[in-house]
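Student: This is the structure I want to talk about, given as structure tokens.
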Amino acid sequence: MERRIFAIGSILTGLGVVFGAFGAHALKASLSPQLLTSFETGVRYQMYHGLGLLALAWAVGRWPERRLAPAAWLLLVGTIVFSGSLYLLVLTGVRWFGAVTPFGGVALIVGWGLVVWRLLAAGERPTGGP
């Protein structure tokens, strides 16, 4: 599972570079500063969570019994909804996409909360020694 999560994180970060370059070079001249900032926010969150998924892939390999894969899926969905809705808002001008963005943010918050809960709430399991 950690290989799949690592691959997804790599895809998100790679696409974040592509989208960042697109925003900086192709969109900069044609967007208002406010729309460009929204696009850059989408790229930034995509990069943060792509990198977070890379770290989560390591955690899945380190603590497989903690069942962290559901958190990874929440982070993926949250990133797609959060960043994707901002991209669509900026590129199409359809304002209601902005109303979708918070749902992605909630999925990201729940995903990271699940990581914390799965890693800390259960505590360390005894190894059988004295």
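Student: Looking at (1) more than 17 Å from GLY105 (Cα to Cα); (2) in contact (Cβ under 8 Å) with a residue 60 or more places away in the chain; (3) surrounded by 15 or more Cβ atoms within 10 Å (Cβ to Cβ), which one does VAL60 not meet, given that it meets all the others?
Tutor: Exception for VAL60: condition (2).
Student: Looking at ARG95, ARG66 in this structure, which one is touching a residue at least 12 places away in the same chain (Cβ under 8 Å), in contact with a helix residue (DSSP H, G or I) (Cβ under 9 Å, 6 or more places away or on another chain) and more than 18 Å from LEU12 (Cβ to Cβ)?
Tutor: ARG66
Student: Look at GLU40 and say whether it is in a helix (DSSP H, G or I), among the charged types (D, E, K, R) and free of Cβ contacts under 8 Å to residues at least 60 places away in the same chain.
Tutor: yes
Student: Of all the residues that make up region 66-96, how many are surrounded by fewer than 20 Cβ atoms within 10 Å (Cβ to Cβ) and in a loop (DSSP other than H, G, I, E, B)?
Tutor: Count: 5.
Student: Shifting gears a bit: Confirm whether GLU40 is among the acidic types (Asp, Glu), more than 13 Å from the chain's Cα centre (by Cα) and closer than 19 Å to ARG3 by Cβ.
Tutor: Judged against the criteria, GLU40 is not a match.
Student: Restricting attention to region 17-37, report how many residues are in a helix (DSSP H, G or I) and either touching a residue at least 60 places away in the same chain (Cβ under 8 Å) or polar (S, T, N, Q) (or both).
Tutor: Counting residues in region 17-37 that are in a helix (DSSP H, G or I) and either touching a residue at least 60 places away in the same chain (Cβ under 8 Å) or polar (S, T, N, Q) (or both) gives 4.
Student: Name the residues in region 99-125 that are free of Cβ contacts under 8 Å to residues at least 40 places away in the same chain, in a helix (DSSP H, G or I) and either at positive phi or not aliphatic (A, V, I, L, M) (or both), would you?
Tutor: Listed by number, the residues that qualify are THR101, PRO102, PHE103, GLY104, GLY105, GLY113, TRP117.
Read-outs: derived from the displayed coordinates by stated rules, not from any lab. If you're wondering where the values come from, they're calculated on a predicted model, not measured in any experiment. Reconstructed Cβ throughout: ideal geometry from the backbone, glycine too, with neighbour counts over all protein chains shown.
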